Amino acid sequence: MHGTHDAAHLETLRQAAEWFAVLGSGDADLEMHRRWQAWVEASTEHRRAWQQVEAISGQFALPAKERPAAAAALDAAFDATRHALHRRRALKTLALLGMSASVGWAAWTSPQYRSLLVAAARGFGADYRTGTGETAEFPLPDGGRLWLDTASAADAEYGPALRRIALHRGRVLVDSAPDTISPARPLVVDTAEGRLRALGTRFAVRQLDDATEIAVFAGRVEVHPAQAEAGTHIVAAGQQLRFTSGTIGAPQAADAAREAWTRGVLLADNLPLAQVVAEIACYRRGLLQCDPAVADLRVAGGYPLLDSDRALAMLEAALPVRARRRLPGWTVVELR
């Protein structure tokens, strides 16, 4: 059912994009505008799709000469929103703004919406942060190392009793070191769902919309969800799991790909194409989607995360797909 829903949504977006192209051509007469209005008003899904296309492409009423600058501004704004919340959650927010063809651009540039972006961007001004398509390595005060994935933000606070890293968004890899003072202070990573205590270890932590993902590559990590009644769990080397503020998921074998991003590589070992595209999308400005018709194609190999255009070209060479640019800032991987 979920795949069917995605396919229907993608088809509605395609129709909205076609209407956008027709109305923007300058050749649409009054009857064409009436037909477009009837299509928009036919369903809530049509209205949301139109608002989404407006948000991705820029204000419909902008003069043609101003559209390139508008598209660039939209790419930046959309990028900030999608990594602060989640692509789908951000698009729902856009729909709730109720943008129409005459006020869409005004909503994007209004002080109120800019405030919303600022409020959504958790970790803005953090000690350690990266933008879209960037990764970085930082030294920690105790001699350990911290790697930050794309569009991530974290703070480090080393006090007299605790070594604390706060992950605000995105993903970090921590390579811990013995404490430089005695008695040794615990090393912890705090997320929205709870606390992780390192027990002499190398591990990756990812902040998701409503859960935290932990993968341990050396040593052990103790998981403490925010709600005490959820209990605790020790994740051993070679294991990974997800937890929420009130639950701890079952451990699974840790995927080597959970660490490969520190080298700018996505390792795919018979992964579904939809999962690969979703991962590449995290390193790319704008909206990158996978057509449900090709979502289950299997992918293997290594793909450059920091060069998404090259990664998409490699997928096109390996599979019967193409990366089609529907509108500025919107690309769909579909059947060739």
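The values are calculated or read from the model by the stated rules, or taken from the named source; none is laboratory data. What you are looking at is a predicted structure, and each value in this text was computed from that prediction instead of being measured. No Cβ is skipped: glycine too gets one built from the backbone with ideal geometry, and neighbour counts run over all protein chains shown. Ligands, DNA and RNA are stripped out before the accessible areas are found, and what is left, the full protein with its side chains, is counted by its heavy atoms. Shrake-Rupley method; radii C 1.70, N 1.55, O 1.52, S 1.80 Å.
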- [ ] Output the number of the condition that Ser182 fails; it satisfies all remaining conditions of (1) in contact with a Ser or Thr (Cβ under 9 Å, 6 or more places away or on another chain); (2) more than 23 Å from Leu266 (Cβ to Cβ).
- [x] (1)
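Residue by residue through region 313-336, note down the ones that are open to solvent by 40 Å² or more (accessible area, probe 1.4 Å) and part of a strand (DSSP E or B). Let's see the steps before the verdict.
As a first pass, look at region 313-336 and keep what is open to solvent by 40 Å² or more (accessible area, probe 1.4 Å): 313-314, 316-318, 320, 322, 324-326, 328, 335-336.
The answer is Arg322, Arg324, Arg325, Arg326, Leu335.
Residues to consider are Ala215, Ala161, Ala177; find the one that is in contact (Cβ under 8 Å) with a residue 12 or more places away in the chain, under 28 Å from Gly264 (Cβ atoms), among the aliphatic types (A, V, I, L, M) and surrounded by fewer than 17 Cβ atoms within 10 Å (Cβ to Cβ).
Numbers: Ala215 fails: surrounded by fewer than 17 Cβ atoms within 10 Å (Cβ to Cβ); Ala161 fails: under 28 Å from Gly264 (Cβ atoms).
Testing whether each residue is in contact (Cβ under 8 Å) with a residue 12 or more places away in the chain, under 28 Å from Gly264 (Cβ atoms), among the aliphatic types (A, V, I, L, M) and surrounded by fewer than 17 Cβ atoms within 10 Å (Cβ to Cβ) leaves just Ala177.
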Open item on the list: With the structure loaded, tell me whether Ala295 is open to solvent by 10 Å² or more (accessible area, probe 1.4 Å) and either at pLDDT 90 or above or within 17 Å of the chain's Cα centre (by Cα) (or both) or whether it fails that test.
Closed with: yes
Open item on the list: Let me spell it out: the conditions are (1) touching a residue at least 40 places away in the same chain (Cβ under 8 Å); (2) surrounded by fewer than 23 Cβ atoms within 10 Å (Cβ to Cβ), and Leu167 meets all of them except one. Which number is the exception?
Closed with: (2)
Open item on the list: Can you find a residue that is polar (S, T, N, Q), within 20 Å of Leu146 (Cα to Cα) and either at pLDDT 95 or above or touching a Gly at 6+ places or on another chain (Cβ under 6 Å) (or both) anywhere in region 241-248?
Closed with: no
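Can you find a residue in region 231-245 that is among the polar types (S, T, N, Q), within 30 Å of Ala318 (Cβ to Cβ), open to solvent by less than 30 Å² (accessible area, probe 1.4 Å) and without any contact (Cβ under 8 Å) to a residue 40 or more places away in the chain? Give the derivation first.
Taking region 231-245 as the starting set, the residues that turn out to be among the polar types (S, T, N, Q) are 232, 239-240, 244-245.
From the residues that got through so far, the ones that are within 30 Å of Ala318 (Cβ to Cβ) too are 240.
Checking the rest, the ones that are also open to solvent by less than 30 Å² (accessible area, probe 1.4 Å) come to 240.
Checking the rest, the ones that are also without any contact (Cβ under 8 Å) to a residue 40 or more places away in the chain come to 240.
Within region 231-245, one or more residues are among the polar types (S, T, N, Q), within 30 Å of Ala318 (Cβ to Cβ), open to solvent by less than 30 Å² (accessible area, probe 1.4 Å) and without any contact (Cβ under 8 Å) to a residue 40 or more places away in the chain.
Does Leu306 count as modelled with pLDDT of 90 or more, under 17 Å from the mean Cα position of the chain (by Cα) and farther than 26 Å from Ala16 by Cβ?
Criteria met by Leu306.
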Task: Residue in region 129-157 that is surrounded by the most Cβ atoms within 10 Å (Cβ to Cβ), counting only those that are of a type outside the set (Gly, Ala, Ser) and within 13 Å of Leu187 (Cβ to Cβ) - done: Leu146
Open item on the list: Out of Arg285, Arg310, Arg263, I need the residue that is over 24 Å from Glu213 (Cα atoms) and surrounded by fewer than 21 Cβ atoms within 10 Å (Cβ to Cβ). Which one?
Closed with: Arg310
